[in-house]
Amino acid sequence: MPPAATDDGDRAPASACAALDALYTQIAQRVGAATAARGAWPCAKGCDGCCRRLAALPHVTAAEWQRMAEGLALLPAAEQAAIRQRIDVAARGGAAPPHVVCPFLHDSSGACSIYDHRPAACRMYGFYVARSGNQWCDIVQALDDNGELNGLILGNFDAMARQLQRQFGPTRPINEWLAESAESAHGAVPVKQAIVDEGLA
Ligand code: SF4
Ligand code: SF4
């Protein structure tokens, strides 16, 4: 399936938004079930280890980016500008290797600036596991190693990632989505739309 079509160049249609909502609800139900079964879970506001140890800038689908952009637009102008600058710096390789700190992380509180608008991977992290067995988070992995997650059914990260791309198209790094949004805001025709208009798609 092609990337989520756009109505006006940078907004996914309502059907894509509803489909993304359905996936986010599905993830929330899995997360809620795991949390309830164990009685507690380490992931909470202020626990930001995963946001500070990204291998690269987040890669998201068009529909996820639209949600993130909506969250970004709700922030005070100065905070928006700071996040845009951090995305730009990270995209230019200015982040200290080997890890990238997510540009959306609020540094002092350790909270996500766009929590309600965060992408799918951030909703799954800690609660979903890759087919390889990788849980990514050392804190959750330690619980598993201690046998504290025995009997819990964790989500399948790989399957959800495939589902996202089937429904919403390929992922791109957030700096590319941000650049495309900026071009669209300044009247430039987004590349995908230009291709469709030329009948080449
Ligand atoms: S995935 Fe790990 S580092 Fe991230 S919030 Fe959960 S416990 Fe904390
Ligand atoms: S978008 Fe939010 S939750 Fe996801 S990595 Fe960035 S700061 Fe963390």
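Every read-out reported here was derived from the displayed coordinates using simple, explicitly stated rules and does not represent laboratory data. Since the structure is predicted, the reported quantities are computational estimates derived from the model, not experimental observations. Cβ atoms come from the backbone with ideal geometry, glycine included; neighbour counts cover every protein chain shown.
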_Distance in nm between pseudo-label sites at Ala44 and Ser132 (7 Å out along the Cβ direction from Cα)_ = 3.1 nm
*asked:* Give me a comma-separated list of calculated 3J(HN,Hα) values for the range 54-67, in order, Karplus coefficients 6.51, -1.76, 1.60 applied at θ = phi - 60°, integers in Hz, x for any Gly or Pro.
replied: 6, 6, 6, 4, x, 9, 9, 7, 4, 5, 5, 4, 4, 4
*trypsin sites (Lys or Arg not before Pro) within the range 80-181: which are DSSP loop residues with at most 12 other Cβ atoms inside 10 Å?*
Arg92, Arg131
*What order do you get for 108-116, 32-40 when each peptide is scored by the mean count of other beta carbon atoms within 10 Å, highest first?*
108-116, 32-40
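If R0 is 35 Å, what FRET efficiency do you get for Arg92 and Asn156 from their C-beta distance, rounded to 0.05?
After rounding, the FRET efficiency stands at 0.50.
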